[in-house]
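First the structure, in the form of structure tokens, and then the observations on it.
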Amino acid sequence: MLKKIWISLLLIALTTSFTSVLTAGSKKEDKKTQRTQINIQTPGTEEFVDYEKYGEFQNLGTDKYKYTIKDHVGLKQASGEGIFPNVADVYKSPDFKKLKREKKLDGDKWAFVNTMDPRANYYKWATAQEEPGVKQYYTALALEQAGDYKRAVKAYHAIAVFFPKSTGVTFWKTPWYVAPVAIEKIKYLTREHKDLGVKLVDGEIDIIGKYDDDKSNDDFIVNPGKIVPAKPEDWILKKADLDSIGIKKVIGKGKVKLVEYNNKHYQLMVDDKPYVMRAICYSPTPVGLTPDNGSVNVSKDWSWADYNKNKIIDGPYESWVDANKNNKKDRKEKVVGDFQLMKEMGINTIRIYDYPSVNKEVLKDGYERFNFMYMIGNFLGMYGAHSGAGWFEGTDYTNPQHRENMLNSVRQMVEEYKNEPYVLMWVLGNENNYGTVGVVGVSAGTSCNVRKDPASYYKFVNECAKLIKELDPQQRPVAICNGDLLFMDICAKNAPDLDIYGANAYRGKEGFGMLWKDVSKLYEKPAIITEYGCPAYSKYLTFSENEDEQAEYHKGSWTHMEENFAGFGSGNALGGVIFEWTDEWWKSGPPPEFDQNKQDLIGQWMGPFIDGWAYEEWFGLCSIGDGKHGPFKRQLRKSYFTYKELWEKYK
């Protein structure tokens, strides 16, 4: 995959700096990193506030929502320190006074977010001058980081009750809607920590107008929900009887079908059997090579690469697992190959693009021996690919020559692969809606002009989808790869012939929020996550702890998909594509500013990750260790084994 820039409407982290106590270079694996604890002086008279006792809810589930406090004293006592409306008690805390006296709360509040000192984070934010919902969010986050999940849930719920329209600003200067994120935090924490004995019912905050960057046109439909007692069995998902519900529509005339049920749930079928898409982005790039200077090209693409010149493709067939992580191949560490490792993990789909070219013999072997299906993609003008546009000129979807070039490339793609049994679906674009590409330290390119005229782009996408349907005799589904939900309303209006809405979404370990419901309600389509993942690095944890955090992120993401598969929840989730198989050391930027032979510890953009930063060179489920033996060496991270366990039931 090429560099991506991400602009999520629901980005959790705003901006931050960090006090680092351990780095990835640290070898202190024997010492667990300790976070400070928060000594709450006045925890509140209720574990979880019953707001109906202290006030009145009006117009629930509408844009006229309002909560009016009737008993201020009782509510403050019930809420306890740091939870609105009880702010005053924080100032009485001996710990607050001590930290204040020692000047440990001095400095910018954004330096008190993702640190190893949740206690300082808590007191800084609970007393900060900031938009109330944002202030309460980071107070709650500090409680969560300290492991005080009960009070964190309590604090997150206060946001939904009192500040449902709270809006912050992301790293990308786009709106950040605080309350919907707080709702997802509550759902996640109560699900993962069933010992809390509660769950949120009826909690939902939707924003009409959220699909653009303009918050002035937003309307908030609010129901903060209620926290009620729950038993472990209450979390068991109950599947609807799809057979009795019946099929409304089937797309596909061959091996692959997309089934729509009468309840607007969807399911992929392969060989007439349900197919849960467990996919991965696969593009292992040896250390020292980069698309930025053309060193990765058709002769050195992963599907052609044979660096040891033994006439065997390297990554898929000759990789080996460095189990003891000593960065050398021991006698017992046999060659196994990525394809075998992925099959053992449970992968059944690989996402690829037809640019510049792919070794079809490798794809065929992956299908025949390892049962892999493939998502075949066309960049559709992103990065200037296929359109003929220059890097800084950018693809223009109203330019007749650019359009003709791209249509020809789509035609060529379908003609090349239409008779192959391993094609699962066709995928158009890769975050084209974001327009520009580039990260810190890299010259940004215009890439394409979608943000200037999104309607023209989505109309062209629809034209491409119709062309594919004309050319593909098996009528396999056509998906878009959009950047999260930006402009989804315009996509829905102008691209009705798409079969699947795909989104690259990096929203955090809690999952994907209301994405499934949003797509189902607005677009009436099934959805896939065309990219999701988390770096296995942060500035303050050990290697092992970072791997734990990455694995937790992936588990939460996949669990949220399962909750919305056919028969559950919104019922329109088809699966997702993990980003990515191996670390890629070229992502920080090209030489001379960045060393391609070094795994950089530089965060490119802020997001809901371990320390609030995306480290583009650390997203792999597999590390390549010290970078030597790059095409072959694999150090399997904990997330690999997490998926192996999660996916055992699908084998």
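The values are calculated or read from the model by the stated rules, or taken from the named source; none is laboratory data. Predicted model only: the values in this text are computed from it and were never measured. Every residue, glycine as well, gets a Cβ built from its backbone with ideal geometry; the counts of neighbours run over all protein chains shown.
Candidates are the residues of region 508-561 that are aromatic (Phe, Trp, Tyr) and in a loop (DSSP other than H, G, I, E, B); the one that is nearest to Ile480 (Cα to Cα) is Phe512. Looking at Asp117, Asp148, just one residue is among the acidic types (Asp, Glu), over 16 Å from Phe48 (Cα atoms) and over 20 Å from the mean Cα position of the chain (by Cα), and that residue is Asp117. Take region 53-75 and flag every residue that is more than 17 Å from Glu204 (Cβ to Cβ) and either in contact with an Asp or Glu (Cβ under 8 Å, 6 or more places away or on another chain) or not assigned by TED's automatic domain parsing to the domain that holds Tyr149 (or both). Result: Lys53, Tyr54, Gly55, Thr68, Lys70. Those residues that are within 23 Å of the chain's Cα centre (by Cα) and among the charged types (D, E, K, R), I need them from region 351-397; list them, please. Once the filter is applied, which keeps residues that are within 23 Å of the chain's Cα centre (by Cα) and among the charged types (D, E, K, R), region 351-397 yields only Arg351.
The set of residues in region 136-174 that are surrounded by fewer than 24 Cβ atoms within 10 Å (Cβ to Cβ) and charged (D, E, K, R) comprises Glu144, Asp148, Lys150, Lys165, Lys173. Pairs meeting the criteria (first residue in region 553-570 and of a type in the set (D, E, K, R), second residue surrounded by fewer than 21 Cβ atoms within 10 Å (Cβ to Cβ), beta carbons under 8 Å, at least 6 apart or on different chains) are Lys555/Leu646; Glu562/Leu237; Glu562/Phe568; Glu563/Leu237; Glu563/Gly569. Considering each residue of region 79-89 in turn, none proves to be buried (at least 19 other Cβ atoms within 10 Å of the Cβ), without any contact (Cβ under 8 Å) to a residue 40 or more places away in the chain and in the same structural domain as Tyr156 (by TED's automatic domain parsing).
Scanning region 281-301 for residues that are within 15 Å of Gly630 (Cα to Cα) and modelled with pLDDT of 90 or more returns Tyr282, Ser283, Pro284.
Looking at region 538-555, which of its residues are among the small types (Gly, Ala, Ser) and surrounded by 21 or more Cβ atoms within 10 Å (Cβ to Cβ)?
Our first condition is that a residue be among the small types (Gly, Ala, Ser); within region 538-555, this holds for 538, 544, 551.
Ser538, Ala551, listed by residue number.
Against the definition (closer than 27 Å to Phe57 by Cβ and of a type in the set (A, V, I, L, M, F, W, C)), how does Ile221 come out, yes or no? Talk me through it step by step, then tell me what you get.
Values: closer than 27 Å to Phe57 by Cβ: yes; of a type in the set (A, V, I, L, M, F, W, C): yes.
Spelling it out, Ile221 is indeed closer than 27 Å to Phe57 by Cβ and of a type in the set (A, V, I, L, M, F, W, C).
Could you list all residues from region 163-178 that are under 14 Å from Glu204 (Cα atoms) and either of a type in the set (Gly, Ala, Ser) or modelled with pLDDT under 95 (or both)? Residues satisfying the conditions do not exist here.
Sort through Val336, Val276, Val287, Val321 and tell me the only one that's closer than 27 Å to Gly502 by Cα and surrounded by 15 or more Cβ atoms within 10 Å (Cβ to Cβ).
Details: Val336 fails: closer than 27 Å to Gly502 by Cα; Val287 fails: closer than 27 Å to Gly502 by Cα; Val321 fails: closer than 27 Å to Gly502 by Cα.
Val276 is the lone residue from the list that is closer than 27 Å to Gly502 by Cα and surrounded by 15 or more Cβ atoms within 10 Å (Cβ to Cβ).
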